[in-house]
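Following: one structure in structure tokens, then a few remarks.
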Amino acid sequence: MELHKFIKQLGRYRKGATNETEKAIIEAWYDSYEAGGEKQLSVDEREQVRNAMHAKISDAIKKPVQSMWFNYSIAASILFLCCSAVLVYFLQKPATPVRETYTTLRTSNGEIRKLTLPDSSVIWLNAQSKIRIPSNFDKTIRQVYLDEGEAFFEVKHNTRKPFRVVTAPLRVQVLGTSFNINAYHSLPHVKITVVTGKVGISKGTKLLSFLTPGQELSYLTDKGTFEQKKVDAGQSQSWKDGDAYLNRVKFEELSLIFKNLYGLTLKAGNKRVHDYLFTLRIKRNTPATETLKLISAIHNAHFRKEGTSVIIY
């Protein structure tokens, strides 16, 4: 029998609360001590021995009980510390970041789309462009991502929630204004042109400039430099109405605009054509062939069609 169970039985025996089986076991234990000696004790002597044993038993019962409560106290303390440690762990453990979700809008060749945001701001998206709007837009900062292409923004004024456009590697921030961003990957620059209001432009933590109406910032992505100048801001957004104003642009930009309008790819037949600068106005409703004649006439060049490509030579 286990010691602690026997001690409990001894306690019940002293109180007269044992059953017949337990009583017989305990008294046999008493008798085993009495039978150990050669001398038989008198009734009085046996009673004295029994009383002394009772006293020893009482001490034995009390000590384990005290020890038991002590052990319970230690166990409770350990449990409390473990629970506290687990709680602290979960409180200090970095929260699992919630994966951001976006609404993505894309346009193809010859397509222009208009999007109204939850705050009533309006975005016009030019052909071959992509923009993302986070699911938490309009909570603290109204932020969108122009990943590719060109967009014109008409931002609803809200002093408590700035409006931010991220277009690598720049960040454009306003409160309420209208401006155009040209950020095609095929071009060597990102251009921001302000029509109304005031725009702040930064790269990383560095503020590059503030723009006011009629000002344009052109950032050269390969060199990391920029220039700022006065322009006709109305022409920067004319593409929304189907017109394109080109002012001394390189062949790459002419080719991009032509593809946006007609879905055809312009190619330079030689280096001389590639180095030309072009100034003209292209209207969307003008047939592609008529526009090609106009482009060729600027530098007395010629053109020929090869599938979906047009070679200028």
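Mind checking the dipole of region 240-313: about its Cα centre, +1 per Lys or Arg Cβ, -1 per Asp or Glu Cβ, Debye to the nearest 20?
Result for region 240-313 is approximately 80 debye, rounded to the nearest 20.
For region 118-229, what does the accessible surface come to per residue with a 1.4 Å probe? Please give it in Å².
That works out to 44 Å² for each residue.
About the Cα centre of region 157-313, how large is the charge dipole given +1 on each Lys and Arg Cβ and -1 on each Asp and Glu Cβ? Please answer in debye to the nearest 20.
Once rounded to the nearest 20, the dipole reads 320 debye.
Can you send over the carbon and sulfur percentage of the accessible area for region 187-313, probe radius 1.4 Å, protein chains only?
About 51 percent, which is the carbon plus sulfur part of the accessible surface.
If you take the charge dipole of region 136-221 about its Cα centre, with +1 on Lys and Arg Cβ and -1 on Asp and Glu Cβ, which of His185, Ala151, Val174 is farthest toward its positive end?
It is Val174, whose Cα lies furthest towards the positive end.
With an 8 Å cut-off on Cα pairs and a minimum separation of 6 or more residues, tell me the relative contact order of region 212-298 in percent.
Once divided by the residue count of region 212-298, the mean separation gives 24 percent.
Below 8 Å, C-alpha to C-alpha, sequence gap of six or more: please give me the relative contact order for region 234-277 in percent.
In percent, rounded to a whole number, it is 34.
Over region 119-238, what is the mean sequence separation of C-alpha contacts under 8 Å (at least six apart), divided by residue count, expressed as relative contact order in percent?
17
Can you give the accessible area of Tyr276, probe radius 1.4 Å, in Å² rounded to 10?
So the heavy atoms of Tyr276 present about 40 Å² to solvent.
Mind listing the phi-derived Karplus ³J(HN,Hα) values for region 127-143, rounded to whole Hz, using 6.51, -1.76 and 1.60 with θ = phi - 60°, and x for any glycine or proline?
The phi angles translate into 4, 6, 10, 9, 9, 10, 10, x, 5, 9, 4, 6, 8, 10, 10, 7, 10 Hz.
Mind pulling the per residue volume of the convex hull built on the Cα atoms of region 195-313? Å³ is fine.
126
With only alpha-carbon atoms counted, please give the Rg and Dmax of region 116-186, in Å.
For region 116-186, the Cα radius of gyration and maximum Cα-Cα distance read 11.3, 36 Å.
The values are calculated or read from the model by the stated rules, or taken from the named source; none is laboratory data. These numbers were taken from a predicted model, which means no experiment stands behind them. All Cβ positions, even for glycine, are placed from backbone atoms using ideal geometry, and neighbour counts span all protein chains on display. Accessible surface areas use protein heavy atoms only, side chains included; no ligands, DNA or RNA. Shrake-Rupley method; radii C 1.70, N 1.55, O 1.52, S 1.80 Å.
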